[in-house]
Amino acid sequence: MFEDKEKGMDADDGQKPIKRKSRGMTRKVMVIKNRSKGIKLLIKYNQDGIFVGDNSVHLTSYLGVLARTMVPIRYKDWRDVPIQLKEKLWDSIEISFTLDKRSKRNCMRTIGRSFRTFKNHLTVNHIIPFKDQPEMLKKPPVEYSFIEDEDWNILVKDRLSNAFQEFREVQKERRKKHAYNHRLSRKGYARLEEDLMVTSGCTESIDRSILWKKARERKDGNYDEVVIPVVEKIDELLKDSQETGQSYYGSDDILTHALGTPEYSGRVRGKGKHYTHRQYFHTVVDRAMQDFVKASKERQAHFEVGILAKLSEIIPTTPQSDMGSCNLKTNHLVMPEFVECPHRHVEDQPPTTLKEPPKKVRKCQLAVSRKENIVAGGTIVRECGPNYLVVVDAPYEPNTSLPIPIPDDITTIGEAVGYEVLWPAHLIILSSHPSQESNVQ
């Protein structure tokens, strides 16, 4: 709701106050009343630990109130605010809301952003328009009576300096380049995702490309012209992924391909302010790996038939072969660190047979086409003439095709993780790959 507010000098100074239109300030009286009665609002979280639900709206608004009323605008940056004051802010949050202590980081970051936004609001609406009227800048706006005169003067001096004016122009030019503006207002991606999950009945996280697209949808269901090509590319990639099983890993996902630009530092596109790159993309990879392992177990029986058929073309299976079908069915993946001979009594020991020393697992790097093109890290299980039987441990290029695929089953590096596959001997480099370094010691 907008109201007419008096700003500038008080009437006692002999000048008529100028009225300007502005949004009424949020005070969160409800939270304060509940606190006086000993009532604390319970905060709900999504599976990523981000607060969602109706009470999260009250929490976010209350954090904005704290940023405006408790953090002096004399501080140039949120990082300059004393740690003692930040602890007081957290205490104010804890006595008003029931929330996990691990939320402290996100709460502090939200207050920091609100503090920066509030100072920007003061600059744009109460300082810059009156830069040629110094008399109007002697006192803070009357609706912000909690601002100390000294703090106000410090802010005014800083915002009218040449250094800040140059910085402001640079930021304005950067803002003009933002072509894909969302329409979420204060809702945020976390609450958007929650609403979509409730509406669709989905229990899994929604791909960020879908969230990005939904956040830019107008009320009439259409999109701005500049957004339409990206939306069409997202739909195309989603359809292709469903039909062909094409997988996208980490930051090189559907949204990145649709936008045509790599992920940049700062917030994660399509997920919002509470996610860091490390937090989000590592979580996505972990979930993808869990899904892969689950699917891999279901395909194991069919895979064994295929690999045995390949091996039979190279080495005839004998009763003494430790790679016979019986052994493969009993031990799905042969990845021992040490293979020791069974213990025998002296009288049972054949006099002409020498005990073989333990065999160490040999780690390697796997290449395609040429040795310089390394696509995965693996473990050598057996030498099979021109080809080696290896287990793919670490996929560096998961979408690359296998040199010797299992027809209609395992065709790419990503699909082969944890499985035994044949690999041309001349494309195997006998050196440890990073993910297995510790196991070789």
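The values are calculated or read from the model by the stated rules, or taken from the named source; none is laboratory data. Keep in mind that what you see is a predicted model, and the values were worked out from it rather than measured. Don't worry about glycine lacking a Cβ; one is built from the backbone with ideal geometry, like all the others, and counts go over all protein chains shown. SASA here: full protein model, heavy atoms, side chains in, ligands and nucleic acids out. Shrake-Rupley method; radii C 1.70, N 1.55, O 1.52, S 1.80 Å.
When the residues of segment 242-275 are filtered to those that are within 22 Å of ARG216 (Cα to Cα) and touching a strand residue (DSSP E or B) at 6+ places or on another chain (Cβ under 9 Å), which remaining residue is surrounded by the fewest Cβ atoms within 10 Å (Cβ to Cβ)?
If we take residues in segment 242-275 being within 22 Å of ARG216 (Cα to Cα) and touching a strand residue (DSSP E or B) at 6+ places or on another chain (Cβ under 9 Å), then PRO262 is surrounded by the fewest Cβ atoms within 10 Å (Cβ to Cβ).
Out of (1) β-branched (Val, Ile, Thr); (2) surrounded by 17 or more Cβ atoms within 10 Å (Cβ to Cβ); (3) within 15 Å of TYR419 (Cα to Cα), the odd one out for ILE404 is which?
Result: ILE404 passes all but (2).
Looking at LEU85, is it at pLDDT 90 or above and open to solvent by less than 40 Å² (accessible area, probe 1.4 Å)?
In short, yes.
Here is a list: ARG113, ARG186, ARG109. Which entry is closer than 29 Å to TRP212 by Cβ, at pLDDT below 90 and surrounded by fewer than 16 Cβ atoms within 10 Å (Cβ to Cβ)?
From the options ARG113, ARG186, ARG109, the qualifying one is ARG186.
Check off (1) open to solvent by less than 70 Å² (accessible area, probe 1.4 Å); (2) more than 15 Å from LYS271 (Cβ to Cβ) for GLU232 and give me the number that stays unchecked.
(1)
Among the numbered criteria (1) surrounded by 11 or more Cβ atoms within 10 Å (Cβ to Cβ); (2) over 28 Å from ILE50 (Cβ atoms), which one does LYS214 miss?
Failing condition for LYS214: (2).
Residue by residue, here is whether (1) under 21 Å from MET70 (Cα atoms); (2) surrounded by 15 or more Cβ atoms within 10 Å (Cβ to Cβ) holds:
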site: ILE128; (1), (2): no, no
site: LYS131; (1), (2): no, no
site: GLU150; (1), (2): yes, no
site: LEU155; (1), (2): yes, yes
site: GLU166; (1), (2): no, no
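Give segment 189-209 a look and list any residue that's outside any loop (DSSP other than H, G, I, E, B) and either open to solvent by 80 Å² or more (accessible area, probe 1.4 Å) or farther than 17 Å from ILE50 by Cβ (or both), or say none.
Once the filter is applied, which keeps residues that are outside any loop (DSSP other than H, G, I, E, B) and either open to solvent by 80 Å² or more (accessible area, probe 1.4 Å) or farther than 17 Å from ILE50 by Cβ (or both), segment 189-209 yields VAL198, THR199, SER200, SER209.
Restricting to segment 168-188, count the residues that are over 14 Å from VAL52 (Cβ atoms) and part of a loop (DSSP other than H, G, I, E, B).
Result for segment 168-188: 8.
May I ask you to say which residue of ASP54, ASP48 is of a type in the set (Asp, Glu) and modelled with pLDDT under 80?
When all the criteria are applied, what remains is ASP48.
Every residue in segment 413-429 that is open to solvent by 30 Å² or more (accessible area, probe 1.4 Å) and assigned to a strand (DSSP E or B), please.
ILE429
Given the criteria part of a helix (DSSP H, G or I), more than 30 Å from THR261 (Cα to Cα) and open to solvent by 40 Å² or more (accessible area, probe 1.4 Å), does GLU135 qualify?
Against the criterion (part of a helix (DSSP H, G or I), more than 30 Å from THR261 (Cα to Cα) and open to solvent by 40 Å² or more (accessible area, probe 1.4 Å)), GLU135 qualifies.
Scan ILE43, ILE32 and give me the residue that is under 29 Å from ARG109 (Cβ atoms), touching a Phe, Trp or Tyr at 6+ places or on another chain (Cβ under 8 Å) and at pLDDT 60 or above. Even if it seems obvious, please write down each step before you answer.
Values: ILE32 fails: touching a Phe, Trp or Tyr at 6+ places or on another chain (Cβ under 8 Å).
Sole residue among the options that is under 29 Å from ARG109 (Cβ atoms), touching a Phe, Trp or Tyr at 6+ places or on another chain (Cβ under 8 Å) and at pLDDT 60 or above: ILE43.
If SER96 meets every condition in (1) open to solvent by less than 40 Å² (accessible area, probe 1.4 Å); (2) more than 16 Å from ILE32 (Cβ to Cβ) apart from one, which number is that one?
Failed condition: (2).
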